[in-house]
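Only one structure is covered here, and it is reproduced in the block below.
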Amino acid sequence: MNFSDEFKDKSVVITGAAGGLGKQTAIQYAAAGAKIVIGDLKIEQGQETAALMNASHPDCARFIHLDVTDRESVDALFKEAQETFGTVDILVNSAGISGQGFKPFGRIDLESWDLAYEVNVKGIVNCCKAALDIFVPKKAGKIVNVSSVSGRKPTPGLIHYAASKAAVNNLSQTLAQEVARFNINVNVVCPGWIWTPIYDESEPVKQMAQKLGKTPREFFLDMVDRYCPLKREQTEEDIANVILFLSSEAARNITGQAINVDGGSVMS
Ligand SMILES: NC(=O)c1ccc[n+]([C@@H]2O[C@H](COP(=O)([O-])OP(=O)(O)OC[C@H]3O[C@@H](n4cnc5c(N)ncnc54)[C@H](O)[C@@H]3O)[C@@H](O)[C@H]2O)c1
């Protein structure tokens, strides 16, 4: 989707943007004229992503090491973002983990529950707090949180992940109500099935596929075929398009919404 100069000189913080959906979103914001701070745990990959973007759009991107679970790390990133690009206009929370997936409830240990909530929920809380310190005084700002269709339906085998994503949906909608009076929009994108490192590098996915005599990619495509009425996987671009739309002026009257981009697997 072409947003041409829609985001010219807007400053965007994207967490988890070293790879996957966050990286693609960063690339699309750059093409639409934005300045982007890429925050991620993965230093080498994050630097490569920033270099790639700066090669096509000079000085558009900066990588800053970030652990969303650590409030000090989050505050430091927002401080540096303001120093580098003057302000922050948009926050996209894409950092997330699926953790120790595809196990029944009884075999998911408490550390996995803690980690899913620390990264997927508390990480968003930390980043929203830092962003709102900037957005509220200027009475402007957009937040887009990346959740999952797992947060909208029972997801056996991924209960800790699904519950954490359901929390993201509710916290985003409650926050949207609270900050609407400051002209701040908070929305959620719920991706369905996208082949990113979250699958590719997942040990549980590899093990499940192996048990069925399939490659991880074949296993993934089987799930797409089974669960998506449109019978096609979604792409990183599909998700980035919706994130950019939700943070654009065209969506100024949309807030507190959770949009599924999932080929129709969840219709509510
Ligand atoms: N890929 C899918 O099919 C899919 C489906 C539904 C939802 N999602 C959600 O989309 C988001 C992005 O996922 P992805 O598929 O791009 O996965 P990904 O693994 O490629 O990207 C996630 C990024 O988050 C970073 N990250 C993890 N913990 C962090 C922390 N504590 N601090 C900072 N960064 C951290 C990782 O280093 C990684 O670069 C996640 O929130 C995920 O739950 C993905």
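From the helices alone, meaning DSSP H stretches of at least four residues, give me the mean residue ellipticity at 222 nm for the chain, per-run term -39500 (n - 2.57), in deg cm²/dmol to the nearest 500.
Working: 10 runs with 121 residues, N = 268.
Counting only the DSSP helices, I get -14000 deg cm²/dmol.
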Inset, instruction - Measure nothing but the geometry: give the 0 to 90° angle between the long axis through the Cα atoms of 236-246 and the longest principal axis through the Cα atoms of the chain, rounded to 10°. - result: 40 degrees
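What order do you get for 75-81, 226-232 when each peptide is scored by the mean count of other beta carbon atoms within 10 Å, highest first? Spell out each step's value before the answer.
Details: 75-81: 18.3, 226-232: 12.7.
Highest to lowest by the protection proxy: 75-81, 226-232.
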Legend entry - Pairwise centroid distance, computed over Cα atoms, of segment 215-268 with segment 103-157, Å: 18 Å
Inset, instruction - Specify which residue in the list W113, L244, G264 is farthest towards the positive end of the charge dipole of the chain, using unit charges on the beta carbon of Lys, Arg (+1) and Asp, Glu (-1), about the Cα centre. - result: G264
Inset, instruction - Could you work out the mean projected area of the convex hull around the alpha carbons of the chain, in square nanometres to one decimal? - result: 13.6 nm²
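Please sort by residue number the trypsin sites (Lys or Arg not before Pro) in segment 138-199 whose DSSP state is loop and whose Cβ has at most 15 other Cβ atoms within 10 Å.
Values: sites: K138, K139, K142, R152, K165, R181; in loops: K139.
Taking segment 138-199 and a limit of 15 other Cβ atoms within 10 Å, the loop trypsin sites (Lys or Arg not before Pro) found are K139.
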Legend entry - Reach of K122 by Cα under 12 Å, taken over aspartates and glutamates that are not fewer than 8 positions away in the same chain: D67, D70, D114
Inset, instruction - Rank-order 260-266, 115-121, 216-222, 24-30 by packing density, defined as the average count of other C-beta atoms within 10 Å over each peptide's residues, highest first. - result: 24-30, 115-121, 260-266, 216-222
Legend entry - Cα-based helix-to-principal-axis angle, 20-31 vs the chain, degrees rounded to 10: 30 degrees
Inset, instruction - Can you tell me the 0 to 90 degree angle between the C-alpha axis of helix 71-85 and the longest principal axis of the chain, rounded to 10? - result: 50 degrees
Inset, instruction - Sort 63-73, 247-257, 13-23 for me by packing, meaning the mean count of neighbouring Cβ atoms within 10 Å per residue, highest on top. - result: 13-23, 63-73, 247-257
Legend entry - Phi to ³J(HN,Hα) by Karplus 6.51 cos²θ - 1.76 cosθ + 1.60 over segment 221-231, Hz, x for Gly, Pro: 5, 4, 5, 4, 4, 6, 9, 9, x, 6, 6
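Taken together, the values in this text are just the output of simple stated rules run on the coordinates, not laboratory data. If you're wondering where the values come from, they're calculated on a predicted model, not measured in any experiment. Heads up, the Cβs are rebuilt from the backbone with ideal geometry, glycines too, and the neighbour counts pull from every protein chain shown.
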